[in-house]
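Undergrad: The structure under discussion is supplied below as structure tokens; questions concerning it will follow.
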Amino acid sequence: MRLTCTVHLMHIGEMDLSEWMKKKKLSDADLAAEVKTDRTTVSRWRRKKTRPDWQAIGVLETLSAGKVTARDFLVMGEAAE
């Protein structure tokens, strides 16, 4: 028998990226300009399809005054047989 456990830790900080962007009334394009990427990349981060690289995470932490952190993008998976 194979057991698979996946724990999503997307909401550890004060708020996730999508919530923070909504609160600040930032569009994907607005944030993309600040992080120096394109709006489709920000959209994928916001929808949890991909994760930002470490440099972008640092910028996000700074822009959000620590409300969005690297921990908000962690996904831990563990498989046991």
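Undergrad: Within the stretch 21-29, can one find any residue that is touching a Ser or Thr at 6+ places or on another chain (Cβ under 8 Å) and at pLDDT below 95?
TA: No, because not a single residue in the stretch 21-29 is touching a Ser or Thr at 6+ places or on another chain (Cβ under 8 Å) and at pLDDT below 95.
Undergrad: Do we find a residue being under 14 Å from Met15 (Cβ atoms) and either assigned to a helix (DSSP H, G or I) or of a type in the set (Phe, Trp, Tyr) (or both) anywhere in the stretch 32-41?
TA: No: the stretch 32-41 contains no residue that is under 14 Å from Met15 (Cβ atoms) and either assigned to a helix (DSSP H, G or I) or of a type in the set (Phe, Trp, Tyr) (or both).
Undergrad: Related question: Would you check which residues across the stretch 42-67 are in contact (Cβ under 8 Å) with a residue 12 or more places away in the chain, part of a helix (DSSP H, G or I) and loosely packed, with under 14 Cβ neighbours inside 10 Å and list them?
TA: Once the filter is applied, which keeps residues that are in contact (Cβ under 8 Å) with a residue 12 or more places away in the chain, part of a helix (DSSP H, G or I) and loosely packed, with under 14 Cβ neighbours inside 10 Å, the stretch 42-67 yields only Trp54.
Undergrad: Let me ask another. If Asp72 meets every condition in (1) at pLDDT 70 or above; (2) in contact with a His (Cβ under 8 Å, 6 or more places away or on another chain); (3) not in a helix (DSSP H, G or I) apart from one, which number is that one?
TA: (3)
The values are calculated or read from the model by the stated rules, or taken from the named source; none is laboratory data. Here the structure is a predicted model, which is why all the values come from computation and not from measurement. When we count neighbours, we look across all protein chains shown, and the Cβ atoms used for this are built from the backbone with ideal geometry, even at glycine.
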